[in-house]
Amino acid sequence: MSGVVAGAPDRLGQRRRREEACRAWDGLAILLVAVLVEMVAAPRARAGVLTPESGGSPNADRIHSLYTVVLAIGLVIFFGVAGTLVVFLWRYRGRRGREGAQIRGNTRLEIGWTVAAALILVVLAGLTFAQLHGIVTPAASAEDIAAEQSGALYATVDQPAPPGGKALRVTVTGRQYVWRFDYPNGAYSYEELVVPVGATVVLRLRSADVAHSWWIPKLGGKADAIPGYTNRTWFKVSRAGVFTGQCAELCGRNHADMIATVRAVAPFEYEAWVARQKREIQQAERSVPALRERLKRDGEL
Amino acid sequence: MSVHAGTARRAAPEILLRPRRVAEEPSGWLGWLTTTDHKRIGILYITTSIVFFLLGGVEALLMRTQLATPDNSLIAPQAYNQILTMHGTTMVFLFVVPIWAGFANYLVPLQIGARDMAFPRLNALSYWLFLFGGVVFYVSMFFAPPEAGWFSYTPLSNRVYSPTGGQDAWIFLIHLTGIASILGAINLVVTIANMRAPGMGWGRLPLFCWSAFTQAIMLIVALPAIAAAVTMLLTDRHFGTCYFDPTCGGSPLLWQHLFWFFGHPEVYIMILPGFGVISEVLPVFARKPIFGYKAIAASTIGIAFLSMLVWAHHMFTAPIATVVLAFFMLSSMTIAIPTGVKVLNWVATLWRGSINFKTPLYFACGFLVLFTLGGITGVMLAIFPIDWQVHGSYFVVAHFHFVLVAGAVSAIMAGLYYWFPKMTGRMLSERLGKASFWFQFVGFVMTFLIQHALGLSGMPRRVYTYSASSGWGTDNLISTIGSYILAIGVLLTVLNVVLSLKNGRRAGNDPWKGNTLEWFTPSPPPPHNFDVIPVVRSVEPMRDIRADLRRERVGTTALQSATARGADAR
């Protein structure tokens, strides 16, 4: 818009100004559509553009479906409000010197939309509570999971036990900048948690130093590992595969490198793996005195 | 009401004969250093916080540049954490909160028809404390900046994991700016409660003043919690106490509770004055009264009250019983009601208006669209099972930049374009202003809309890099390009301000035909603000005054022509 036109109060200038305003709003609309199309249509090899990752564990799937419903309601509200705004801006664009309608409010209308907003929230809260049980309570392990795989007796204060009481209980300890996994039979591993397909895995999260947060997006939400506290979460993988995630709470300089991996394998493979892991750990522990002797002899210790 | 009655009331003898004495101030830079004039202090606040805004913006661009490509090694991990701590702390404590203090300082006495704040010297003290807080913090940049984030979670921020003095500089920043804010807030509450123009009851208080008043009360309630928390952190770090250290019986969760008990009201402290600006700008440019004055004022108070009850929604992933999470979900959702009411009232204000498309209106409409989206993602985050997936991810980064950049910063821009003529006597360029708006709008959407997707696909916040195999490269590059466009938009406004200070069109008293009393006095206003303090008869006193003047002028013209006719006849 040139300064000359803006300064000239003639009708031609006004019309041109209004046309330019239209063009601006057209431009805005095109931009928004373009952004949306980009978001939806850009080629991706992964989910999680408009909705969170899921497909690994029932809790992640339930969060996904809850999210999708909430998003749909949210988008309707957003486009309703934004659309109304754009229509008003277009419809009531002003002429120089003219005043708008002197309306100061409408009590009935205002009470109406306050109640409507409250009702929408009641619906959202209802949907959440309906899904909550399936997200918080660990699912039952598959039938073919043996009792001995399930580890120790299951007991906790604030997380309901999985039906049937069968679960693989793993203690996860975060430290700068690695996750350690302690299995029921005394084996442990770092960085990669190996679990049997079909078993409900209940995690007890702890931290050895600062706050960390456990997150494997496809296997459900986060749970913080805070020193001095034990947090809990669970997942149940129904197909073999590798699921990755990373620490989600700033834990120091190499926070970005604190990767976590879950590898789900067939139950018999898990049995073999966990036994081998335990054996190797025992061997390593036995070899420590010999190693120490050698280092002493070589003058390195 | 007849013209005579109006004139007689305005000329109430008490107001005319005993104007409050306003101190003479030295001219030049010494005047600025020693000033106790609320207008000068307001301008000091605003310029200082804009300088910090630009510093924080540079920090943001550094982070975006580092994240533009996967496995980038431009910025080392330690430096990245330092920059993200500086960015967050700067934007919250040294930009948004103080710039609102600046606007409130400048505008509240003018809008309520007072000659200054209640305690002018306290006001100056507030500003200098804020400045020193910022300086102490930024000086740490030359030694060892803090690197535990603006939220400084323990144990990461205790002496074992953050041994350098940078963390202590952060603590002193919180203390100094905190005292500054509390003093400023008390001053504002006293001013608004006691110094309103005759006739200005609470029901006629301008909506910006309502929001500033409510915000001030929130500051008074919320800031002591963080002041106590950082003092405890200081004694943990240096004097052997154990408030937050789990190795000797302390609780890291206690820090989280104390921090967010302050931290969530802080979010509304940053946005409420923005609501006030939008409530002032929309009616003026729609040439219509605000739709539902009472609902907007009441919802401001409602938001302030509820915002004190929602802090644990920042801690949904911490080890807390489910029933507690459910409470905080419901309380957080409830805030959406007064906020939604406001948005609908603002949209309805445009209904059947006669909309004047000036830059402040552009920014106000940008605010409406983007803030609504940020509010909706806010409700999604309040639902704690959903939060478990998106917490601590780029989804949250996107959400709060929608409410704080598209919300608070848009409102600050709208306020700047709206009140700059009053503060300087010069108009800002409309052409540069609209260009600045479009750059900011497009840049903003490009930077932050895509970040929702990044978070949903698993990218956590506060990571200095990510691997190419994650597939986050394209989205991050788009976001980075957007951030540069956004920066150009901000620079256009800075340029506009610099150019218009000297060369802008002269504004006159009332360039926008405003509704509130600041437009009654010359631009820039004299040190004593008003020669005569008018009696307030409605929510829109300037409208009444303009109507009175028009009636008087019509009367005078009629009288003149009658006299002239009489002279002709003779």
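Throughout, read-outs are computed from the coordinates displayed, never taken from laboratory work. Computed from a predicted structure; not experimentally measured. Using ideal geometry, Cβ is built from the backbone for each residue, glycine included, and neighbour counts are taken over all protein chains shown.
Some values worked out for this structure:
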| item | result |
| --- | --- |
| Residue list for region A:239-268, given a label point 7 angstrom along the Cα-to-Cβ vector of A:Ile281 and an amide N cut-off under 11 Å | none |
| Cross-link table B:Lys39/B:Lys294; A:Lys236/A:Lys278; B:Lys288/B:Lys358; B:Lys288/B:Lys422; B:Lys358/B:Lys502; A:Lys166/A:Lys218, entries beyond 27 Å C-alpha to C-alpha | B:Lys39/B:Lys294 |
| Whether region B:95-172 is rounded, prolate or oblate, judged on the alpha carbon gyration tensor where a/c under 1.5 counts as rounded | prolate |
| Loop sites in region B:452-530: trypsin sites (Lys or Arg not before Pro), DSSP, at most 16 other Cβ within 10 Å | B:Arg505, B:Lys513 |
| Averaged over B:149-158, number of beta-carbon atoms from partner chains that fall within 10 Å | 3 |
| Distance (nanometres) between label positions extended 7 Å along Cα→Cβ at A:Leu109 and B:Ile220 | 3.6 |
| Ranked list, fewest to most other Cβ atoms within 10 Å of each Cβ, for B:Ile383, A:Ile77 | A:Ile77, B:Ile383 |
| Region A:147-295 shape via C-alpha gyration tensor axes, a/c threshold 1.5 | oblate |
| For the protein assembly as shown, average projected area of the Cα convex hull in nm² | 42.5 |
| Helical segments meeting 30 Å axial Cα length and Kyte-Doolittle 1.6 threshold in chain B (DSSP H) | B:359-382 |
| Region A:147-295, relative contact order in percent, only Cα pairs under 8 angstrom and at least six apart counted | 23 |
| Cα centroid separation, region B:412-486 to region B:103-133 (Å) | 31 |
| Computed [θ] at 222 nm, helices only, for the protein assembly as shown once each DSSP H run of length n ≥ 4 contributes -39500 (n - 2.57) | -20500 deg cm²/dmol |
| Residues B:Glu266, B:Glu518, sorted so that the one with the fewest Cβ neighbours within 10 Å comes first | B:Glu266, B:Glu518 |
| Antiparallel bridges, percent of DSSP beta bridges restricted to region A:147-295 (to nearest 5) | 65 |
| Shielding score for B:450-459, defined as the mean number of other chain Cβ atoms within 10 Å | 6 |
| C-alpha center-to-center spacing [region A:115-132, region B:524-542] in angstrom | 47 |
| Cα centroid separation, region B:281-302 to region B:163-195 (Å) | 30 |
| Positive-end residue, region A:147-295 charge dipole about Cα centroid, Cβ charges, pick of A:Ile216, A:Ile259, A:Val170 | A:Val170 |
